[in-house]
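Every number here is computed from the coordinates shown, using simple stated rules; none is lab data. All figures in this text were calculated on a predicted structure; none of them were measured in a lab. FYI the Cβ positions are ideal-geometry reconstructions off the backbone, even for glycines, and counts take in every protein chain you see.
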DNA sequence: ACCTGAACACCGTTCAAGT
DNA sequence: ACCTGAACACCGTTCAAGT
């Protein structure tokens, strides 16, 4: 049944959270759900398909709770453009980042495996709808969705996987490389507030989107 | 010697290009360079360290040829702000995308492994320098570097790994999900020119950067 | 229909041994 | 100093067999 499949994916996600993605094996997952390794195959197909299933499992976690895009406020007249898309964008982006923090190892799968699950298509459709209502020209809508989703996924992944690791200047000096611009920036490089940075990035991207909106 | 290490990394990259990252094993790499698997260890340390070495190998390929950032043109007076950063950004972004096309499998490592190699620091420093010369406030420079590099890496990775796969509407209809915004957009979703999209994205990001430039 | 267990062809890495 | 080969504890997956 579909219930057992979910149980298997939950076990795989738990192992990834606890011991990393490399620890997810057919054998370790099977042991956690109390089955033989081969008993997983009817439910997940293969190891690769299990990882694809994990992508669906992650995206499913994204949309729990209230809807992705808040409802249109009743007071918005035809003359003034709705600004709800801004809050919708922020909500989705912040949920994505929270998801990465909950499941750092498994989150990388969202960037490495093409996600054409119904869950993914639904999220994309909500963003399309928001951009259309915001007044972005239809021909730019899919591009802007990809631009923003690429940034949000990439930022969240980079943050939890250490790509943004602040490089210790002392350590760098010991290696003997001189980086003039790093020296110029100095202390600015050390004090990073990731929450504030993500907020600032979203503000800039909102401004970018607003600049594309055709008058009307 | 350092020469043999390079030879080992080249072999690993060749295997990744030909048969995917999963095909890169200590055994397969060793066989390609004509050594025993254990003979690799003094040069690369471990399998994980070998993959980190591959990140350095990839970034090294980025900066071959001319410099990352073109020279300052002689005619730029003190009154007018240099616009060279635009070309520098485009050059680096396009090289990154070309790198992803040359090494699709190995490219994912740039997003999953923290790269604190000298090669990476040098590239980042060049971008810092460009943004500073463009007039971006110092406090915003590292943030904008991360914003742009995250997008460029994410776009290139998504493109070569199929995350941007155009979903066939017929196939989606067969699955029985209805996506209103997808229906509204219609044909716009099918005709995608990735070169043009990347260009448009870079233009938008340049505009975003220009909007941050303080007058002077 | 659903599950098991042995087996096959692989892994990364340790260790004792060779030159 | 540099390399080898056997061995250990793992993999994903096939296959024949059980209930």
Q. Taking neighbour Cβ counts within 10 Å as the exposure measure, how do A:36, B:82 sort from fewest upward?
A. A:36, B:82
**Q.** Linear extension gain, residue B:90 paired with residue B:3, 0.36 nm per residue minus alpha-carbon span
**A.** 28.0 nm
(Q) Give me the inter-chain shielding for B:36-48: mean count of other chain Cβ atoms within 10 Å, whole number please. (A) 0
Q: Check the axis relating chain A to chain B and name the residue of A whose C-beta is nearest, distance in whole Å.
A: A:154, 2
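Peptide A:182-190: average number of partner chain Cβ atoms within 10 Å per residue? It would help to have the intermediate numbers written out before the result.
On the way: counts 6, 2, 6, 9, 1, 1, 8, 4, 1.
For peptide A:182-190, the averaged partner shielding equals 4.
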**Q.** residue A:22-residue A:101 FRET efficiency (beta carbon distance; Förster radius 25 Å; 0.05 resolution)
**A.** 0.80
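May I ask you to derive the relative contact order of region A:1-45, considering only C-alpha pairs under 8 Å and at least 6 residues apart, and to give it as an integer percent?
Numbers: 31 pairs, mean separation 16.8, N = 45.
Rounded, it is 37 percent for region A:1-45.
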Q: Grab the beta carbon distance between residue B:47 and residue A:173, set R0 = 41 Å, and tell me the FRET efficiency rounded to 0.05.
A: 0.85
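For the protein assembly as shown, what is the calculated [θ] at 222 nm in deg cm²/dmol (nearest 500), taking -39500 (n - 2.57) for each run of four or more DSSP H residues and dividing by its residue count? Spell out each step's value before the answer.
Numbers: 24 runs with 285 residues, N = 432.
Here the helix-only value at 222 nm equals -20500 deg cm²/dmol.
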(Q) Residue by residue through B:120-131, how many Cβ atoms from other chains fall within 10 Å of the Cβ on average? (A) 4
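Using a 10 Å cut-off around each Cβ, can you sort B:59, A:54 from fewest to most neighbouring Cβ atoms?
Details: B:59 20, A:54 23.
Lowest count first: B:59, A:54.
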Q. Along Cα→Cβ at 7 Å, what distances in nm separate the residue A:180 label point from those on the other copies, shortest first?
A. 5.6
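Over chain A, what relative contact order in percent results from Cα pairs under 8 Å that are six or more residues apart? Mind showing how you got there, number by number?
Numbers: 169 pairs, mean separation 44.5, N = 216.
Once divided by the residue count of chain A, the mean separation gives 21 percent.
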Q | Distances in nm from residue A:101 to the matching label points in the other copies, shortest first (labels 7 Å along Cα to Cβ) | A | 3.9
(Q) For residue A:45, place a label point 7 Å from Cα along the Cα-to-Cβ direction in every copy; what are the distances to the other copies, in nm, shortest first? (A) 3.7
Q) Among A:113, A:32, A:172, which one shows the biggest mean-square fluctuation in a GNM of chain A, springs joining Cα atoms closer than 10 Å? A) A:172
